[in-house]
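This report refers to the structure that appears directly beneath it.
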Amino acid sequence: MAETRPDPHYPPVDKRMIGDIVQIATRGFLSQSASKVLLDAAGINRARQYRACTEQEAQLAMIAIGGPVAMKAVIEGDKQAMGAIALNVSDIGTLRVEFNRIMNIKGVTAVSIEPMLEGQEVYIYASRKYTGQYEISCGITGSGRPGTKRESPITPQIAAEMVEGLDTIVNKYIFAENIRRVSALCDSAPSILSVEINPLIGNEKTMNALNARISIDNDD
């Protein structure tokens, strides 16, 4: 007798957009642009990002944001290890220096300009198991403490239990909602191998994803 899966009552996601992106994707990690589209389709909030290829575009982005910014190279890989990140840039002079430094890193053709968000860094990770179900985990980025993990589908009760024991300042209702949206994203596209959103910046009122890596296996 087949095992009965609990009804997760997922929040709505754009299954058509998710399917379109996954269908045209090649095996491996998606581009940053494609990953952002999937986050949007899943209803996961992202920080505003401006792509700058020139100093003037970077300055205009900083003016539009209206406050201190984070600067990150538009390139695949570990940006921190490459030295391709500048944080809390608050004046045009520093912006120009950091923009040119990052652009001089091999392979960098553009810089993402983002607002500096206040809050705590957390993560959500999902990986497909051989059974076809997904193991979803969450926790506090860089804390050194183990997070929590459960198998999909993630019901409201399960999501609440996952975040309840975490020593975090973020809004746990919003955190749990994002966990369920990741689970809904995976269940909508079984060819997704993994989803890593790290970090999300959260506080008592909001939560925004800053970085996401999504891998696909379209050979199944």
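All of the numbers you see were taken from the coordinates with simple rules; none came from a lab. Keep in mind that this is a model prediction, so the values were computed, not measured. All Cβ positions, even for glycine, are placed from backbone atoms using ideal geometry, and neighbour counts span all protein chains on display.
Can we say residue 101 is outside any strand (DSSP E or B), over 30 Å from residue 133 (Cα atoms) and in contact with an Asp or Glu (Cβ under 7 Å, 6 or more places away or on another chain)? Considered against the rule, which asks whether it is outside any strand (DSSP E or B), over 30 Å from residue 133 (Cα atoms) and in contact with an Asp or Glu (Cβ under 7 Å, 6 or more places away or on another chain), residue 101 comes out as no. Among the conditions (1) out of contact with any strand residue (DSSP E or B) (no Cβ under 9 Å at 6 or more places or on another chain); (2) without any contact (Cβ under 8 Å) to a residue 24 or more places away in the chain; (3) closer than 15 Å to residue 194 by Cβ, residue 129 misses just one, which is (1).
One residue alone among 44, 18, 113 is in contact (Cβ under 8 Å) with a residue 40 or more places away in the chain, in contact with a strand residue (DSSP E or B) (Cβ under 8 Å, 6 or more places away or on another chain) and not in a strand (DSSP E or B), and that residue is 44.
Filtering region 98-138 to residues that are closer than 24 Å to residue 58 by Cβ and exposed (fewer than 13 other Cβ atoms within 10 Å of the Cβ) leaves 100, 104, 106, 107, 109, 118. With respect to being surrounded by fewer than 20 Cβ atoms within 10 Å (Cβ to Cβ), farther than 25 Å from residue 77 by Cα, free of Cβ contacts under 8 Å to residues at least 40 places away in the same chain and not charged (D, E, K, R), residue 176 falls outside the description.
Summed over region 119-160, residues that are part of a strand (DSSP E or B), over 23 Å from residue 217 (Cα atoms) and of a type in the set (S, T, N, Q) total 2.
Can you tell me which residues in region 47-80 are of a type in the set (S, T, N, Q) and free of Cβ contacts under 8 Å to residues at least 40 places away in the same chain? Listed by number, the residues that qualify are 54, 56, 59, 80.
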